[in-house]
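The values are calculated or read from the model by the stated rules, or taken from the named source; none is laboratory data. Note that this is a predicted model, so its numbers are computed, not measured. Cβ sites come from the backbone with ideal geometry, for glycine too, and all protein chains shown count toward neighbours.
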Amino acid sequence: MKLNFPRVSAALASAISLFVFVGVANAQDEDGMEAEGSASAEFGGDTEAEADVEEEVAEPPAAAVGMSLPSGGGGGGGGGDAPSGDSDHSQVVGSFGVGYLGRRTVGTGTGLLTPAGDVPVEALQAPVIGVRYWMDDGMGIDVGIGILMSGGTTEQTTAGVSIPDAEQPARSGFLLHGGVPLNLSEYEHFNFQLVPELNVGFASYDADGAGDGSGMHFDVGARVGAEVHFGFIEGLERLSLQAGVGMAMNYDTTTWEADGGDEITSSAWNLGTNSGTNPWNIFTSNVAALYYF
C-alpha cells in the first residue's frame, strides 16, 4: 500500500487550521464573557449606590426637639391669666397696705331755717386714712378712720381800741370706714375688685353765743374697679393705686339747737352712684393710694 503524501499533508494542514480557529474563538468568547461580567458588576454597583442615595433622600428628617413656640398670653385656651404667684397682687397677700382710702363728708346743722325755708348745713370733709389687709388671694379687709377738727379766734383793733376776741365756730368730724375687697381677676400688675363697704360718721358745730349743731352720716354700698400695682417700676413695687365707681345708699341727719331754745332737725336719704356731681370728684373720693409693708 502506497501513501499519497500530498493528500495527507493537505489533510493535516486543514486539521491544524481548524484546531487553531476553534481555540481562538473560545478565547474570544471567554474574554467577552469576562468583560460583560465586569460591566454587569460595575452597573450593579452603580445601582446599589443610587439605591443608597434614594434611601437617604427618602428618609424623613428627625423631629425637632425643644423648638416649639411659647403660647400666647391672651388667646383662648392658651393661658390668659398669669401663673399663680407671678402677679403683683399675689406678692402682697398677707401684707398690710397703709394709705389714703378716699374722702367722705359729714354734715352738721349750723342754724335755723332761712327765710327761704332752707336748712343751713355745713359739710365737713374727713379724709379717710386706713389699712388694707389681704387674708388670702381672694378676700381682704379695709379699716379706716377720718378725723377733722377746726376752730380759732378773731381779734380786731379799731382806732386804737381792741374789740374783744370773737370765737370762731368749733368744728369736729369723725368717720369710720370698713370694707371687704374681693379680688375678681388679676394679671401681672393689676387686679379687678368688687368692694362692699360702709361708712359711719358724726359731726359737731359749736358757735359761741349762737347755738350748737350736730350731724350723723351713714352709707352702705359697693364699688367696682381696679388696683394697679407699680411692680413695673423698680423701687415702687409695693405701691398701688385703686379707683372705681359704684352705688350706695346714703342717710344724713342734722340738728341745730339755738341758745334761745329753738331747735330744728332735718334728715334725708338718697340712693345713687357715688362718682360725684363734679368731674374731679372721682379723684378726691374714688381714688386711693396704698403702700404695702
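Just to be sure before I move on: is L175 closer than 25 Å to T255 by Cβ, aliphatic (A, V, I, L, M) and buried (at least 20 other Cβ atoms within 10 Å of the Cβ) in the structure I sent?
The answer is yes for L175.
Tell me which residues, restricted to region 211-265, are farther than 30 Å from P120 by Cα and over 33 Å from the mean Cα position of the chain (by Cα).
The answer is none; no residue qualifies.
Which of (1) farther than 30 Å from D252 by Cβ; (2) surrounded by fewer than 15 Cβ atoms within 10 Å (Cβ to Cβ) is the odd one out, the single condition A166 does not satisfy?
The failed condition is (1).
Please work out if D206 is part of a strand (DSSP E or B), surrounded by 15 or more Cβ atoms within 10 Å (Cβ to Cβ) and touching a residue at least 40 places away in the same chain (Cβ under 8 Å).
no
Is region 162-173 home to any residue that is out of contact with any strand residue (DSSP E or B) (no Cβ under 8 Å at 6 or more places or on another chain), of a type outside the set (D, E), under 27 Å from V245 (Cβ atoms) and in contact (Cβ under 8 Å) with a residue 24 or more places away in the chain?
No, region 162-173 contains no residue that is out of contact with any strand residue (DSSP E or B) (no Cβ under 8 Å at 6 or more places or on another chain), of a type outside the set (D, E), under 27 Å from V245 (Cβ atoms) and in contact (Cβ under 8 Å) with a residue 24 or more places away in the chain.
Which condition from (1) crowded, with 20+ Cβ neighbours inside 10 Å; (2) outside the structural domain of N199 (by TED's automatic domain parsing) is the one that V128 breaks?
(2)
Mind checking whether some residue in region 222-231 is free of Cβ contacts under 8 Å to residues at least 40 places away in the same chain, within 21 Å of R132 (Cα to Cα) and either outside the structural domain of V106 (by TED's automatic domain parsing) or of a type in the set (G, A, S) (or both)?
Checking region 222-231: at least one residue is free of Cβ contacts under 8 Å to residues at least 40 places away in the same chain, within 21 Å of R132 (Cα to Cα) and either outside the structural domain of V106 (by TED's automatic domain parsing) or of a type in the set (G, A, S) (or both).
Which condition from (1) more than 24 Å from Y133 (Cβ to Cβ); (2) in contact with a strand residue (DSSP E or B) (Cβ under 8 Å, 6 or more places away or on another chain) is the one that G261 breaks?
Only one criterion in (1) more than 24 Å from Y133 (Cβ to Cβ); (2) in contact with a strand residue (DSSP E or B) (Cβ under 8 Å, 6 or more places away or on another chain) is unmet by G261, namely (2).
Name the residues in region 246-277 that are of a type in the set (D, E, K, R) and without any contact (Cβ under 8 Å) to a residue 40 or more places away in the chain, would you?
E263
Taking region 95-154 as the search range and keeping residues that are charged (D, E, K, R) and touching a helix residue (DSSP H, G or I) at 6+ places or on another chain (Cβ under 9 Å), which one is modelled with the lowest pLDDT?
Checking each candidate, the answer is R103.
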